[in-house]
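Trainee: Pasting a structure below so you can have a look.
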Amino acid sequence: MIQRRTILKSGLLLAASSLSLPTLAKNSSIATGDCCLRFYNTHTGEKLTSTFWAQGEFIPDALGDINKVLRDHRTNKIADIDPELLLLLGQLNGKLGNSKELHIISGYRAPESNAFLRGHGSGGVAKRSLHMEGKAIDIRLPGTDLRNLQKAAMSLQGGGVGYYDSSQFVHMDTGRVRYW
C-alpha cells in the first residue's frame, strides 16, 4: 500500500519540477543558493526554521512543514502554499537584511474561514481571497517599521501588497501587481 506522505511528496516534486526556474526564482541569488525562512505563527505559537530551496530545487519535506505551520488555524486545514510566495518572502528577507522570524497573521485560509471573516466585519477580506489558494500571506516583522516592510514588499514587484496599519500587518500575494 502506498502511503499518503509518499503520494504527497511525489505530487510536490511533479509540481515543482513542472515550473521553470526563471518563473520561480526571479532573484538570481536565490536561484543559485539556499533559501531559508523563519516563521512564528501568531495564532498557534508554532515556530519553524526551514530551508525549502537548495541547489536549484525545492525540498518537498520542507514545503510540507511550511504548509503545516501556515495552515488555517481556525479549521486546522492544510493546503499547499505557492512556492513562488515562499521565494518572494526570501527576497523580502534579503531586501531587508532580515534573518529573524516573520510573524504570520494569516497564511492559507479555508473557504469557510474566509466566509466567516467576511461575515463578521473583518474589513478587507476579499470574497475570492488568494489566501484560499495558498497564494497570500499576512505578515509583520517585529523591530521593522510596518511602512518600511510595505515599501520593501512593493519594491519586489512580485504581486499584491496591502498595508493594514490598524491590524499591524502587511499582506503579500503572488497575484497581479497591485497596492492598497
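Taken together, the values in this text are just the output of simple stated rules run on the coordinates, not laboratory data. Note that the structure is a prediction, hence the values are computed from the model and not measured. Note that we place each Cβ from the backbone using ideal geometry, even for glycine, and neighbour counts take in every protein chain shown.
Trainee: For the stretch 74-159, what relative contact order do you get, as a whole percent, if you take Cα pairs closer than 8 Å and at least 6 residues apart?
Mentor: Working: 84 pairs, mean separation 33.5, N = 86.
Dividing the mean separation by the residue count of the stretch 74-159 yields 39 percent.
Trainee: Let me ask something else. Counting Lys and Arg as +1 and Asp and Glu as -1, what is the net charge of the other residues whose Cβ lies under 14 Å from the Cβ of ARG109?
Mentor: Details: positive: ARG71, ARG74, LYS77, ARG118, LYS127, ARG128, LYS135; negative: ASP72, ASP80, ASP82, GLU112, GLU133, ASP138, ASP173.
With Lys, Arg at +1 and Asp, Glu at -1, the neighbours total 0.
Trainee: Also: Going 7 Å from the Cα of LYS95 along its beta-carbon direction, which residues of the stretch 163-180 have the amide nitrogen within less than 14 Å of the resulting point?
Mentor: 163, 170-175, 177-180
Trainee: Moving on to the next point. Under the classification rounded if a/c is under 1.5, otherwise prolate if a/b is larger than b/c and oblate if not, where does the stretch 61-121 fall, given a ≥ b ≥ c as square roots of the Cα gyration tensor eigenvalues? Walk me through the numbers on the way to the answer.
Mentor: Working: a/c = 2.54, a/b = 1.69, b/c = 1.50.
Prolate shape, in that a/c is at least 1.5 and a/b is the bigger ratio.
Trainee: So if I take the alpha carbon set of the stretch 32-179, get Rg, then get Rh from the Kirkwood formula, what is the Rg over Rh ratio? Each step should come with its number before you reach the end.
Mentor: Working: Rg = 14.3 Å, Rh = 15.3 Å.
That ratio equals 0.93.
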